[in-house]
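Some notes on the structure that comes next.
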Amino acid sequence: LDPEQIGEDGLVAFFSSFQCSKNSDVENFLKNKSILFEKSHNSRTYLIINTDTNGLLGYFSLTFKELHVNAISKSQAKKFDGISKSATNFRSYLIGQLGKNSAILDNPLTLNAILQFAYSYIQKAWDVIGGRTVLIECENNQQLLSLYQNENFSVIQQDGSLVQLFTLLSFDSI
Ligand SMILES: CC(C)(COP(=O)(O)OP(=O)(O)OC[C@H]1O[C@@H](n2cnc3c(N)ncnc32)[C@H](O)[C@@H]1OP(=O)(O)O)[C@@H](O)C(=O)NCCC(=O)NCCS
C-alpha cells in the first residue's frame, strides 16, 4: 500500500474495512475526519498495516495540545513541567485517537504495540522541538483506564465526559 499511489478515494475505500465496535468515535474519525485533519495539518494519522495481508490492523493520530489542570500536586506539577511546582498549563503531545480494527479476527495489535509506534514518531518531533508529556483523553471506563495505567499513564482530571491521562516521555534516558 503506497500512500502516494492510493489517492484519496483509495484511502476512503481502504478505511471502509475498519471497524471499532467498542468506540464509534475511533471508527468515525478514521472514516470521516482523518483525511480533512491531515490536509488541514490539524493532526497526522498513522496506519498500522499487516504487510503480508495488507489488512488494516489499527491506527493512531498525533497532534499537540496545551492542557490546563485545575488541581495537581506540587510534585506532579514539577514532574510534568520540569521546572515549576506551581505549573498549571502543560504543553503536550496528544494521541488524539487510537484503536485496533475489530473487524480483523484475532487482531494481534495491543495498546502497548500502538504506543510503541506512536512514541517512535513522537521521538522525531521531540528531537526537533522537545516536550515532556503525552496526553490521552479517553472515556471514563475502568478497563480502558487500567490499560493506560499499565502503560505508565496517570489520571490527571475529568474534562466533561473524558478522562485526561498523562505520561512523561523518557527518551533522554534511553
Ligand atoms: C485500546 C485497545 C487498542 C487496547 O487493545 P489491547 O491492548 O489488545 O486490549 P483489549 O482490546 O484486549 O482490551 C482490554 C480490555 O479493555 C476493554 N476495552 C477496550 N477498549 C474499551 C472501550 N473503549 N470501552 C470499554 N471497554 C474497552 C476490552 O473489552 C477488554 O476487556 P476484556 O478483557 O473484558 O475483554 C483496544 O481495546 C481498542 O481498540 N479499543 C477500542 C478503541 C478505544 O477505546 N480507544 C481508546 C480511545 S482513547
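The values are calculated or read from the model by the stated rules, or taken from the named source; none is laboratory data. Note that the coordinates shown come from a computational prediction; the quantities given were computed from them, not determined experimentally. Methodologically, a virtual Cβ is constructed for each residue, glycine included, from the backbone with ideal geometry; neighbour enumeration extends over all protein chains shown. Just so you know, the surface numbers come from the protein's heavy atoms only, side chains and all, with ligands and any DNA or RNA stripped out. Shrake-Rupley method; radii C 1.70, N 1.55, O 1.52, S 1.80 Å.
Gln164 versus (1) assigned to a strand (DSSP E or B); (2) within 13 Å of the ligand (Cβ to nearest atom); (3) open to solvent by 60 Å² or more (accessible area, probe 1.4 Å): which is the lone unmet condition?
(3)
What residue, among those in the stretch 127-161 that are without any contact (Cβ under 8 Å) to a residue 40 or more places away in the chain and part of a strand (DSSP E or B), is surrounded by the most Cβ atoms within 10 Å (Cβ to Cβ)?
Cys138
Can you find, within the stretch 105-118, the residue that is farthest from Ser170 (Cα to Cα) among those that are touching a residue at least 40 places away in the same chain (Cβ under 8 Å) and either among the polar types (S, T, N, Q) or touching a Phe, Trp or Tyr at 6+ places or on another chain (Cβ under 9 Å) (or both)?
Per the stated criteria, the residue is Asn107.
Name the residue that is farthest from the ligand (Cβ to nearest atom), counting only residues in the stretch 12-30 that are surrounded by fewer than 18 Cβ atoms within 10 Å (Cβ to Cβ) and closer than 21 Å to Thr63 by Cα.
Asn28
Quick check on my filter: what residues within the stretch 32-48 are surrounded by 15 or more Cβ atoms within 10 Å (Cβ to Cβ) and either of a type in the set (A, V, I, L, M, F, W, C) or within 17 Å of Gly99 (Cα to Cα) (or both)?
Selection gives Lys33, Ser34, Ile35, Phe37, Ser43, Arg44, Thr45, Tyr46, Leu47, Ile48.
Report whether or not Gln116 is among the polar types (S, T, N, Q), within 16 Å of the ligand (Cβ to nearest atom) and modelled with pLDDT under 95.
Spelling it out, it is not the case that Gln116 is among the polar types (S, T, N, Q), within 16 Å of the ligand (Cβ to nearest atom) and modelled with pLDDT under 95.
How many residues, within the stretch 79-126, are over 10 Å from the mean Cα position of the chain (by Cα) and either of a type in the set (S, T, N, Q) or part of a loop (DSSP other than H, G, I, E, B) (or both)?
23
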